[in-house]
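Readers should treat all values here as calculations from the given coordinates under stated rules, not as data from a laboratory. Worth saying up front: this structure is predicted, and the values here are computed from it rather than measured. Reconstructed Cβ throughout: ideal geometry from the backbone, glycine too, with neighbour counts over all protein chains shown.
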Amino acid sequence: MVRHHNGFALTELLIVLAVLGILASVLLPRLMHSREIARERAAIVHAKNVFTASFAYVAESPENQVVTGDCTTGYTAGDYTLGDPGNSTVQSCMVSDADSNGIPEVEVTTSTGMTVQYP
């Protein structure tokens with residue numbers, strides 16, 4: 001007499017759950033690290049965009065001066081506007097012209113504590 005099983009045995013289900021648990025324990029830390037890297041890179045891109053917008057504004061006309069100040073939640077210089085980088089990627093952002101040479105200097109601190117400066 002042959003018996004046909006409809007479904008899975010308890011041991012088969014436990015093996016599948018164990019394999020899924022092992023995969024999750026390996027992949028979750030990597031996923032979290034990837035998110036940190038993505039936030040850092042977003043902050044770096046924000047710094048570069050602020051520098052580019054500020055430099056373009058100054059280069060547009062000899063009368064234009066560097067628009068200094070906080071750029072953590074966005075930046076505006078003339079017609080050049082950048083929005084909020086969002087997702088708390090930027091801890092602090094400052095635009096200055098410390099050398100008084102007309103070239104903007106941008107310093108951004110990421111949410112992980114890394115500091116990026118342009119130029």
- Task: Please identify every one of the trypsin sites (Lys or Arg not before Pro) in region 1-52 that sits in a loop by DSSP and has no more than 14 other beta carbons within 10 Å of its own beta carbon.
- Result: R3
- Task: On a 0 to 90° scale, report how tilted helix 10-60 is relative to the longest principal axis of the chain, with both axes built from alpha carbons and the result rounded to the nearest 10.
- Result: 10 degrees
- Message: What are the equivalent ellipsoid semi-axes of the chain, built from the alpha-carbon gyration tensor (square roots of five times its eigenvalues), in whole angstrom, biggest first?
- Response: 55, 13, 9
- Message: Give me the dipole magnitude in Debye, nearest 20, for the chain about the Cα centre, with unit charges on the beta carbon: positive for Lys and Arg, negative for Asp and Glu.
- Response: 1020 debye
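222 nm [θ] for the chain, helices only, -39500 (n - 2.57) per DSSP H run of 4+, per residue, to 500? Please list the in-between numbers first.
On the way: 1 runs with 51 residues, N = 119.
The helix-only estimate for the chain comes to -16000 deg cm²/dmol at 222 nm.
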- Taking the highest mean first, how do the peptides 85-96, 12-23 order by number of other beta carbon atoms within 10 angstrom per residue? 85-96, 12-23
- Any idea what the relative contact order of the chain is, in percent, if you count C-alpha pairs under 8 Å spaced at least 6 apart? 23 percent
